[in-house]
Each structure stands twice: as structure tokens, then as C-alpha cells.
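Enquirer: Can you read through this structure? Questions will come right after.
Quick note: the coordinates plus some simple rules give every number you see, no bench work behind them. Note that the structure is a prediction, hence the values are computed from the model and not measured. Reconstructed Cβ throughout: ideal geometry from the backbone, glycine too, with neighbour counts over all protein chains shown.
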Amino acid sequence: MAQDHSFDIVCKVDFQEVRNAVQMSLKEATQRYDFKGTAVEIVFDEEKKEIRLLAQDDVKLRSLFDIVFQKLLKRGVAAKALQLGAVENKSNGDAAQVITLQQGIPQDKGKEIVKAIKDLKLKVQAGIHDDKVKVTAPKIDDLQSVMASLRTKNFDVAMQFENYR
């Protein structure tokens, strides 16, 4: 019997790259003229998987977000892995926002991905395992077709393919 080939569809964010991007953003914000004399805060909470931004007002918060967003993109963090929270206006006039980092593929998105794979009508099996989707097939060509097809679709989730064998 021939060996089946497989790969996993995952959503992973490298927290070391996020830490580096936050440090670089904080350094840039403290050196920028438009932030001189104002309170700026960028905090990365690894347990909650979120970045909290705090600035003096909405305009400065937007500028701060732009800095952080550009640094994250430069460090290889996918934009689809970021979920933006609403801007909160504090009683002292400060503005805050939370950026949540997505780790793993949510169950509903996993079901969409599996359905899209089954709609291809190839001889592949796809199933949800915890927070990833595993795809197996007897032919490598079928797996490559699945990958090519998934890259053209938008599931609003940052997908990476790993453990390809």
C-alpha cells in the first residue's frame, strides 16, 4: 500500500518577532517629534496574545497603530493574524486600542477550509485537528493543487502550510 502524503494548515504568529516589533515601535515613538511630551504606551501581553496601545488622543493613537502595524509587517507577521479592537476613549482624554494576535485556526474557519477542499473533488481527506486543518492524499500533486487553490481564496485567517511530506 502506498504511503499517504500530508500537510497541515495552521495560523501561527512568531511571538519573538512581535516582541521585536513592539520594541522597535516604542523606540521610534519616543524619538518622533509628534509624540514629544506625550504619554505613549505599547504593551505586548504574551499570555493574552494581545498588544495594547495607549496615546494622548485618537490622532496620536492612529499614528502609533501605523508604526506598530508597519513594524509587524516588516517582521513577517501577517496582517490577517491581527484582529483590531475598538478605540476606547478614557476619561482623562487618552485613547486606547487592543490588537489581538490570532493563534490557531478558529473552528468555523476550519470548517470553511475543509468545505473548500472537498469542493475541489480531488482524492484528498481534510479534517480539523485542534486548531489546525490536516490534509492527506495518496498523490503529492493533489496536495499541491489544494495548496494552490487555497492560496487564491480569502478565509480571513493567516494560513501557513507546514509539515509537508
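Enquirer: Counting GluC sites (Glu not before Pro) as exposed when in a DSSP loop with at most 13 other beta carbons within 10 Å, what is the longest stretch of the chain free of them?
Expert: The longest such stretch corresponds to 48-165.
Enquirer: For a 21 Å ceiling on Cα separation, which of these pairs sit above it: Lys111/Lys132; Lys109/Lys134; Lys49/Lys134?
Expert: Flagged as over cut-off: Lys49/Lys134.
Enquirer: Work out how much length Ser91 to Lys111 would gain on full extension: take 0.36 nm times their residue separation and subtract the Cα-Cα distance, in nm to one decimal.
Expert: 3.0 nm
Enquirer: Spelling out what I want: for every residue of the stretch 38-54, take phi, set θ = phi - 60°, compute 6.51 cos²θ - 1.76 cosθ + 1.60 (Karplus), and round to whole Hz; glycine and proline get x.
Expert: With coefficients 6.51, -1.76 and 1.60, one gets 10, 7, 10, 9, 10, 10, 9, 9, 5, 5, 7, 6, 8, 10, 9, 10, 9 Hz.
Enquirer: Each label point is 7 Å from the Cα along the Cα-to-Cβ direction; what then is the distance between the points at Arg32 and Asp45, in nm?
Expert: Each label point lies 7 Å from its Cα, and together they span 2.4 nm.
Enquirer: Which percent of the Cα-Cα distances in the stretch 15-101 go past 16 Å?
Expert: When every Cα pair of the stretch 15-101 is considered, 48 percent fall beyond 16 Å.
Enquirer: How far, in degrees from 0 to 90, does helix 140-152 lean away from the longest principal axis of the Cα atoms of the chain, to the nearest 10?
Expert: Between the helix axis and the principal axis of the chain, the angle is about 30 degrees.
Enquirer: Taking Cα pairs under 8 Å and at least six residues apart, what relative contact order does the chain come out at, in percent?
Expert: Here the relative contact order equals 33 percent.
Enquirer: Please state, as a whole number in µm²/s, the translational diffusion coefficient that the Stokes-Einstein equation yields for the stretch 43-164 at 20 °C and 1.002 mPa s, with Rh defined as the Kirkwood radius across alpha carbon pairs.
Expert: Answer, rounded: 128 µm²/s.
Enquirer: Would you calculate a helix-derived [θ] at 222 nm for the chain, using -39,500 (n - 2.57) for each DSSP H run of n ≥ 4 and dividing by the full residue count, to the nearest 500?
Expert: Value at 222 nm, helices only, nearest 500: -11500 deg cm²/dmol.
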